[in-house]
Amino acid sequence: MDHNVALISTIAAGLGLALILGFIAARLRLPALVGYLVAGILIGPFTPGFVADTRLAAELAEIGVMLLMFGVGLHFSLGDLLAVRKVAVPGAIVQMAAATLMGMGLAVWWGWSLAAALVFGISLSVASTVVLLRALESLGLVDSFNGRVAVGWLVVEDLAMVLVLVLLPPLALWMNGDAGADAASLLTSIGKTLLQVGIFLALMLVVGRRLFPWVLWQVQKLGSRELFTLCVVAAAVSIAYGATKLFGVSFALGAFFAGMVLRESEFSHRAAEETLPLRDAFAVLFFVSVGMLFNPMVLLEQPLRVLSVVGIIVIGKSLAAAVLVLLLRYPLHTALTVSASLAQIGEFSFILIGLGVALGVMPVEGQSLVVAGALISIALNPVLFKAIAPAQRWLLARSQLARDLAARDDPLAELPMTTDPKYLSRQVVLVGYGRVGRKLAAALAADGVPFVVAEQNREIVENLRVQGVPAVYGDASLPEVLVQAHVARACMLVIATPDMLGVRQMAINARLLNPGIEIVVRSHNEEEAQRFEAEINSRVFVGENELALAMTRHVLARCKA
């Protein structure tokens, strides 16, 4: 290939073929990303015909990861991360350990060395944040509680993988050679990595939260759209690159924290919109680059091993995650969402397995198996997400255990016996205590209107109880949660959660318990609002419409003054 046009050829072939095959996949009612993956296989080195530059494709994909994680950070505040820490931190650690042990057991059974088995197991334990976000965005779940739990879980996994990637070289030497010298090197690497990551986080949270929003404001004042877009993209890429070079943090995590600090700016929503086309284009290149790593011959030469790897990824670690979430007393729907989120592997797995091969601890065969597992699990992931709601209905209808888990004895799942009677009749049932829910609750409290909060985040419910606010914990799409909120005697149900998937079921259950109840819903767009108004006979408020009305009232009032 002429190196003068290698970049152009790679982008043109990757995006062009991805468009054609993505269109075909969509017409066949398959996820479009299946087409993107097949496009990568066709232009990869393992199939005849045109071969794109794999090194350039990998770098383009890395840019896509940066921009996508930057966009997540723009919507994911430090408060969101801390709000899910009690489930994300222990859950991610235990789930990674369980998946690693499953992978190690399989590799040892195949006759691999202990070092190779360890690298192989860890590579199967960490999911792809890029794949997760594409699935959550397609379903509108990024801002939901379940979406925040899943993203927080994967952020913890990414932080753990930063440590693993730094420790692997000295660990590989320690497992194969001089134990004394290499053990000291291992301890030194651990301390250095923790110090570097700590310094980076401190700088971003202390300095970045003040500096970057100020820079964005200065650029905004110039009134140039292209300079604003350039500022946002430059911040995402340069901070991610600097974080990697100076502090050893991955590109993805560096971009994620850059987005989190820029979220402090009032222009964060505009920043997210400006980078959306770039994020989409480079995300496609990410999936194309994954396909380029895949050697189809592995399916013919080692089908049983491929199926075993896919089984660990899609079934093994997903079940482990679901059990952990349920043990932490979170709803069945949250457990199913986290399970689907983790039923795939991606970018960190490729980096780790490649490093293992380069260090000589991992056979090349292992890399082919991991890539095959990634390709198949990524293709299956959108299907698993679509199966969450039907699976939950099926489990509740046929499994007594599922019903017991939904109705289990939990002190936060029902109002205390000492609750004031004014909160049990003619009250407002407020579902969701996020940004919108908090403002509604404050307004109701200021006006003396009694209300009960129904929320899926245990920490929020615990804090509300401490403040004396009546609150019940659970998924409000389940009738037992609405019963505990005393919806049967309520005057109004206000659904302020951004998770639109459960709204219809909430309304159906509320009307069964209280046929005359008034239902108020928030929505993101006109089409969705019209559907809700027609199907559940509710009053729906669309964010953009309400903003326009408020601005109109203000303008007319000022003009008439």
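To keep it simple, each residue is scored yes or no on (1) in the same structural domain as Ser523 (by TED's automatic domain parsing); (2) crowded, with 16+ Cβ neighbours inside 10 Å; (3) within 25 Å of the chain's Cα centre (by Cα).
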{"residue": "Leu430", "(1), (2), (3)": "yes, yes, no"}
{"residue": "Val436", "(1), (2), (3)": "yes, yes, yes"}
{"residue": "Ala441", "(1), (2), (3)": "yes, yes, no"}
{"residue": "Tyr473", "(1), (2), (3)": "yes, yes, yes"}
{"residue": "Ala476", "(1), (2), (3)": "yes, yes, yes"}
{"residue": "Val483", "(1), (2), (3)": "yes, no, no"}
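Of all positions in the stretch 72-82, none carries a residue that is crowded, with 24+ Cβ neighbours inside 10 Å, touching a strand residue (DSSP E or B) at 6+ places or on another chain (Cβ under 9 Å) and part of a helix (DSSP H, G or I). The residue of the stretch 222-281 that is surrounded by the fewest Cβ atoms within 10 Å (Cβ to Cβ), among those that are outside any helix (DSSP H, G or I) and over 21 Å from the mean Cα position of the chain (by Cα), is Gly223.
The single residue among Leu124, Leu159, Leu139, Leu165 that is surrounded by 23 or more Cβ atoms within 10 Å (Cβ to Cβ) and touching a residue at least 24 places away in the same chain (Cβ under 8 Å) turns out to be Leu124.
The set of residues from the stretch 71-99 being more than 14 Å from Val156 (Cα to Cα) and modelled with pLDDT of 80 or more comprises Ala98, Ala99.
Taken over the stretch 446-468, the residue count meeting the criterion of being surrounded by 13 or more Cβ atoms within 10 Å (Cβ to Cβ) and without any contact (Cβ under 8 Å) to a residue 12 or more places away in the chain is 1.
Any residue that is in contact with a Phe, Trp or Tyr (Cβ under 6 Å, 6 or more places away or on another chain) and not in a loop (DSSP other than H, G, I, E, B) - is there at least one of those in the stretch 482-492? Scanning the stretch 482-492 turns up no residue that is in contact with a Phe, Trp or Tyr (Cβ under 6 Å, 6 or more places away or on another chain) and not in a loop (DSSP other than H, G, I, E, B). Checking Glu462, Glu455 one by one, the residue that is among the acidic types (Asp, Glu) and under 23 Å from the mean Cα position of the chain (by Cα) is Glu455 and no other. When Gly44 is evaluated against the numbered criteria (1) modelled with pLDDT of 80 or more; (2) over 13 Å from Ser289 (Cα atoms), which criterion, by number, is the only one it fails? It fails just one condition, (2). Considering (1) in a helix (DSSP H, G or I); (2) in contact (Cβ under 8 Å) with a residue 12 or more places away in the chain, the lone condition that Glu546 does not fulfil carries the number (2).
The values are calculated or read from the model by the stated rules, or taken from the named source; none is laboratory data. Quick caveat, the model's predicted, so the values are computed rather than measured. Please note: Cβ atoms are built from the backbone with ideal geometry, for glycine as well, and neighbour counts cover all protein chains shown.
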